[in-house]
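Following: one structure in structure tokens, then a few remarks.
The values are calculated or read from the model by the stated rules, or taken from the named source; none is laboratory data. Note that this is a predicted model, so its numbers are computed, not measured. Here Cβ is always computed from backbone atoms with ideal geometry, including for glycine, and neighbour counts include all displayed protein chains. Just the protein is used for accessible areas: all its heavy atoms, side chains included, with ligands, DNA and RNA removed. Shrake-Rupley method; radii C 1.70, N 1.55, O 1.52, S 1.80 Å.
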Amino acid sequence: MKTEQKETEPPKHTDSIWGNVFGKKEKVVRSIETVLKNVPIFSTLEKRELRNVTFIVHERTYVPGEHVFFQNDPGLGMYVIKEGEVSIKLENPEKELARLSEGSFFGEIALMDESPRSASAVALTKCQLIGFFRPDLFKLIEKNPQAGLKIVMKLAQIIGERLRVANQNFSNSQNELNKLRTELEKLRQQARED
């Protein structure tokens, strides 16, 4: 008569040092993955592709007032805000263009070219940022062209949408300016007649 053998699960890490090391690494990866899956640039990636991206991105903490990058610096890559708040601003004259928080991303045009940054990014609070840089994208394209293409196509779509919005805003501003010029001309004409 055969005895049934029970399959046993592999032992769990009972050594607190190794358990903490492995547990923390896994937790960090899941956390980055959770953040990235909600970023439009990465939204079309399959779970496995997204998981691979989590291994090539860079995470860094910034203190309040610290520059992530300065206006006119060469563009190296994009950032995703995991925690905290970042201000996007012009330096001269100083003007805040946007205030971004958890889940927002910025600097994505730098994935396409190395043109100088059009604005500065400054941490307003203690921030955890995830950096995805141009060399990372090239490495991904080399190792997994399909995933790289998905990112590039989504990036092109986002940049195209932003360009359309900017064009519409510019057109609206031009129309407002023309209305103001017409009003100003009417006022000048009335002043001459008086």
In region 92-147, if the dipole is taken from +1 on Lys/Arg beta carbons and -1 on Asp/Glu beta carbons about the Cα centre, which of Cys127, Ser104, Ala147 is farthest to the positive end? Cys127
Output ordering of 158-168, 136-146, 82-92 (per-residue mean of other Cβ within 10 Å, highest first) is 82-92, 136-146, 158-168
Assigning unit charges at the beta carbon (Lys, Arg +1; Asp, Glu -1) and nothing else, what dipole magnitude in debye, to the nearest 20, does region 86-157 show about its Cα centre? 180
Write down the accessible area per residue of region 88-159 in Å², having rolled a 1.4 Å probe over the full set of protein chains. 54
Mean Cβ-within-10 Å packing, highest first, puts peptides 178-184, 33-39 in the order 33-39, 178-184
For region 49-150, with all protein chains present and a 1.4 Å probe, just round the carbon and sulfur fraction of the accessible area to a whole percent. 54
By how many nm would the segment from Asp73 to Ser104 grow when fully extended, if each residue of separation counts as 0.36 nm and the alpha-carbon distance is taken off? 9.1 nm
Cα-Cα over 25 Å: which of Lys47/Lys139; Lys47/Lys89; Lys47/Lys150? Lys47/Lys89
For region 139-194, rounded, prolate or oblate, judged on the Cα gyration tensor with a ≥ b ≥ c (square roots of eigenvalues), a/c < 1.5 rounded, else prolate if a/b > b/c? prolate
Tell me, what is the per residue accessible area of region 28-74 in Å², probe radius 1.4 Å? 56
Proximal aspartates and glutamates to Lys126, defined as alpha-carbon separation beneath 16 angstrom and excluding residues fewer than eight positions away on the same chain: Glu59, Glu66, Glu83, Glu85, Glu102
Starting from 0.36 nm per residue, how many nanometres of slack lie between Asn92 and Glu59 once their C-alpha separation is accounted for? 8.9 nm
Expected sort for 69-77, 96-104, 118-126 on mean C-beta neighbours within 10 Å, highest first, is 118-126, 69-77, 96-104
Relative contact order for region 28-143: what is it in percent, counting Cα pairs under 8 Å that are at least 6 residues apart? 35
